[in-house]
Amino acid sequence: MAAGTSLTELSQREFLDELDILLAIYADAMQAQAALLPGRLDLMRRHSSYPAFRAVHVRARPGGPVVGFAYGFHGQGGQWWYDAVWAALARSAGVPAAADWLADCMEIAEVHVRTEHQRAGIGSAMLMALTAGRTERTAVLSTPDRDTTARRLYRRVGFGDLLTGFSFPGGSPPYAVMGAVLPLRDPMAADTGPSSARPSI
Ligand SMILES: CC(C)(COP(=O)(O)OP(=O)(O)OC[C@H]1O[C@@H](n2cnc3c(N)ncnc32)[C@H](O)[C@@H]1OP(=O)(O)O)[C@@H](O)C(=O)NCCC(=O)NCCS
């Protein structure tokens, strides 16, 4: 990240206190329709109550506005995303593979950077900070099943495809579900050789 850029971990309270700011970053980064934002706000509020919730935000200069955020939590049965992915993975790869990826996982739920601050290393830094020191065996996430900046970023730090062309229950555009064995591979580290973060399927 550029000099002067700072990354801070947020408590659940701090995350909730700046939800409107974070939602505006989400809307900008995702070019989201205004009508979808109230639902997203509710979802983010709910996510913050999940076990081992961890959130980070980034300012591009000291005292300046927040320009990026990311969060995740411990994935477990009873969570909508987790149950949908477990069922699909068990169907496509078998129950042992689903358990291998999901029995002890961190779900990375959101990673967003304001458009004008993208391509400066903020997304990579947030992913590394979010997963640093986590005790879960794996990290899992879903992202549109296209060649996007996000998809390349996830691949660079060690994520591989677990499911492709996946539509979530209720209908959605095709997603890729990706997984990595923790710790992630730091894209800024000098040694970019083979890592243990290899999906087994
Ligand atoms: C995905 C996202 C969070 C990545 O954040 P970011 O801060 O742009 O990520 P990084 O800067 O670490 O890496 C992005 C690209 O910038 C490049 N980059 C990083 N630092 C750079 C620098 N100093 N100079 C030039 N390029 C740089 C990276 O190599 C990478 O290139 P690539 O797209 O060709 O692979 C951001 O693009 C975003 O918010 N996108 C829209 C929302 C979204 O898709 N979120 C994820 C949903 S699953």
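Tabulated results
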| read-out | value |
| --- | --- |
| Subset of the range 23-38 that is out of contact with any helix residue (DSSP H, G or I) (no Cβ under 7 Å at 6 or more places or on another chain) and of a type outside the set (S, T, N, Q) - its residue that is nearest to A132 (Cα to Cα) | I25 |
| Hits in the range 144-161 (condition: more than 9 Å from the ligand (Cβ to nearest atom) and either modelled with pLDDT under 95 or not basic (K, R) (or both)) | D145, D147, V157, G158, F159, G160, D161 |
| The range 1-19, subset in a helix (DSSP H, G or I) and of a type outside the set (A, V, I, L, M, F, W, C), residue surrounded by the most Cβ atoms within 10 Å (Cβ to Cβ) | Q12 |
| Selection count where residues are among the small types (G, A, S) and either surrounded by 16 or more Cβ atoms within 10 Å (Cβ to Cβ) or without any contact (Cβ under 8 Å) to a residue 12 or more places away in the chain (or both), scope the range 40-62 | 3 |
| Matching option when the condition is surrounded by fewer than 21 Cβ atoms within 10 Å (Cβ to Cβ), closer than 19 Å to V85 by Cα and not acidic (D, E), among R134, R151, R156, R119 | R151 |
| Selection within the range 63-81 - crowded, with 17+ Cβ neighbours inside 10 Å and of a type in the set (A, V, I, L, M, F, W, C) | V66, V67, F69, A70, F73, W81 |
| Selected residue [of a type outside the set (D, E) and within 16 Å of the ligand (Cβ to nearest atom)] from V113, V95 | V113 |
| Yes/no for L37 being among the hydrophobic types (A, V, I, L, M, F, W, C) and surrounded by fewer than 17 Cβ atoms within 10 Å (Cβ to Cβ) | yes |
| Positions within the range 32-47 being closer than 24 Å to M106 by Cα and aliphatic (A, V, I, L, M), in sequence order | L41, L43, M44 |
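Condition check ((1) touching a Lys or Arg at 6+ places or on another chain (Cβ under 8 Å); (2) free of Cβ contacts under 8 Å to residues at least 60 places away in the same chain; (3) away from the ligand (no atom under 16 Å from the Cβ)) across all residues:
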{"position": "G77", "(1), (2), (3)": "no, yes, yes"}
{"position": "L89", "(1), (2), (3)": "no, no, yes"}
{"position": "M106", "(1), (2), (3)": "yes, no, no"}
{"position": "M126", "(1), (2), (3)": "no, no, no"}
{"position": "A129", "(1), (2), (3)": "no, no, no"}
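The values are calculated or read from the model by the stated rules, or taken from the named source; none is laboratory data. This structure is a prediction, so every number in the text was calculated from the model and none was measured. Here Cβ is always computed from backbone atoms with ideal geometry, including for glycine, and neighbour counts include all displayed protein chains.
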